[in-house]
Amino acid sequence: MVNAKKVAMVSLGCCKNKVDAEVMLAALVKADYEIVYNMAEADVIIINTCGFIHDAKVESVNAILEAAEYKKRRCKALVVTGCLSGRYADDLWEEIPEADAMLGVTQYPHIVDYVQRALNGERVKYTGLDCSVAGCSQRILTTPPWQGYLKIAEGCDNHCAFCVIPSIRGLYRSRPMEEVIDEARWMAEKGVQELVVVAQDTTRYGKDLYGQPSLPKLLQELCKIEGLKW
């Protein structure tokens, strides 16, 4: 793409975060951004963080600081997304002024807008929780070509004393079964044979939408898709 802005992304943490990263990459490509793998070549660097345990938080902060060094060269906008920015947005905003935009985990449908605003010189932060659950069918798969993650829900209702997921990602929201199956078909058409079903609480799937846990029914429907072997 001639004169396209170049974007590099580092995605840390779990497979759910990887799916979020794939959704953001697809949105950026659709908006005519070019994906590059070398941060030194990027006009925009996105760090998709993890904020679940201490080591993950340290790794995420170090990745942000490393990316910030590239603002002395070509990079015009440093964007921070993911669980760490959702959990510690105010602290990060004050302590890392090099960050030009900061999004929580439910703002990914707006990634193109935030990137453009950052490139235009605006420093923008929004990390509040949106109760909806965005579809994932528009993705750039970053897994090996035969394997992919299928996110069926977002959030958690359990509020365990040792876990911060509900405060970061919100209460449990299942994706409609038809939407999940359509995405799985799309993945199979792309060559995926091994499908890994993921959520913060997979066995609860469907209870909020259908009044009872519906994971067995979903799995039965997924097994009917031609091309999927696992």
Filtering the stretch 150-194 down to residues that are of a type in the set (Gly, Ala, Ser) and either within 15 Å of LEU222 (Cβ to Cβ) or part of a helix (DSSP H, G or I) (or both) yields ALA153, SER167, SER174, ALA184, ALA188
Could you go through the stretch 142-149 and let me know if any residue there is buried (at least 21 other Cβ atoms within 10 Å of the Cβ), closer than 30 Å to GLU221 by Cα and not charged (D, E, K, R).
yes
For VAL197, all conditions in the list (1) in a strand (DSSP E or B); (2) among the hydrophobic types (A, V, I, L, M, F, W, C); (3) loosely packed, with under 14 Cβ neighbours inside 10 Å hold save one; what is the number of the exception?
(3)
Given the options LEU218, LEU150, name the one that is under 24 Å from ALA56 (Cβ atoms), aliphatic (A, V, I, L, M) and either within 17 Å of the chain's Cα centre (by Cα) or not assigned by TED's automatic domain parsing to the domain that holds ALA56 (or both).
LEU150
Tally, over the stretch 29-57, of residues that are of a type in the set (Val, Ile, Thr) and surrounded by 20 or more Cβ atoms within 10 Å (Cβ to Cβ)
5
Can you work out which of the residues in the stretch 73-125 that are crowded, with 21+ Cβ neighbours inside 10 Å and part of a loop (DSSP other than H, G, I, E, B) is farthest from the chain's Cα centre (by Cα)?
CYS75
Would you say ALA56 is more than 13 Å from GLY13 (Cβ to Cβ) and among the hydrophobic types (A, V, I, L, M, F, W, C)?
no
Go through (1) farther than 18 Å from VAL164 by Cα; (2) crowded, with 18+ Cβ neighbours inside 10 Å; (3) at pLDDT below 95 and name the single condition LEU25 misses.
(3)
Does LEU65 fit the bill of being at pLDDT 95 or above and more than 30 Å from MET187 (Cβ to Cβ)?
yes
Could you list, ordered by first residue, the pairs with Cβ atoms under 9 Å in which the first is in the stretch 157-171 and in contact (Cβ under 8 Å) with a residue 12 or more places away in the chain and the second is surrounded by 14 or more Cβ atoms within 10 Å (Cβ to Cβ) and β-branched (Val, Ile, Thr), at least 6 apart or interchain?
ASN158/ILE165; ILE168/VAL105; ARG169/VAL105; ARG169/THR106; GLY170/VAL105; GLY170/THR106; GLY170/VAL133
If we ask which residues in the stretch 29-49 are under 18 Å from VAL80 (Cβ atoms) and among the basic types (Lys, Arg), their number turns out to be 0
Hey, ASN62 hits all of (1) surrounded by fewer than 19 Cβ atoms within 10 Å (Cβ to Cβ); (2) polar (S, T, N, Q); (3) part of a loop (DSSP other than H, G, I, E, B) but one; which does it fall short on?
(3)
Give the residues of the stretch 1-14 that are at pLDDT 95 or above and under 18 Å from the mean Cα position of the chain (by Cα), sorted by residue number.
VAL7, ALA8, MET9, VAL10, SER11, LEU12
Hey, can you tell me all the residues within the stretch 61-88 that are in contact with a helix residue (DSSP H, G or I) (Cβ under 7 Å, 6 or more places away or on another chain), under 20 Å from PHE162 (Cα atoms) and not aliphatic (A, V, I, L, M)?
GLY82, CYS83, SER85, GLY86, ARG87
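The values are calculated or read from the model by the stated rules, or taken from the named source; none is laboratory data. Quick caveat: nothing in here was measured; it's all calculated off a predicted structure. For neighbour counting, all protein chains shown are included, and Cβ atoms are generated from backbone atoms with ideal geometry for every residue, glycine included.
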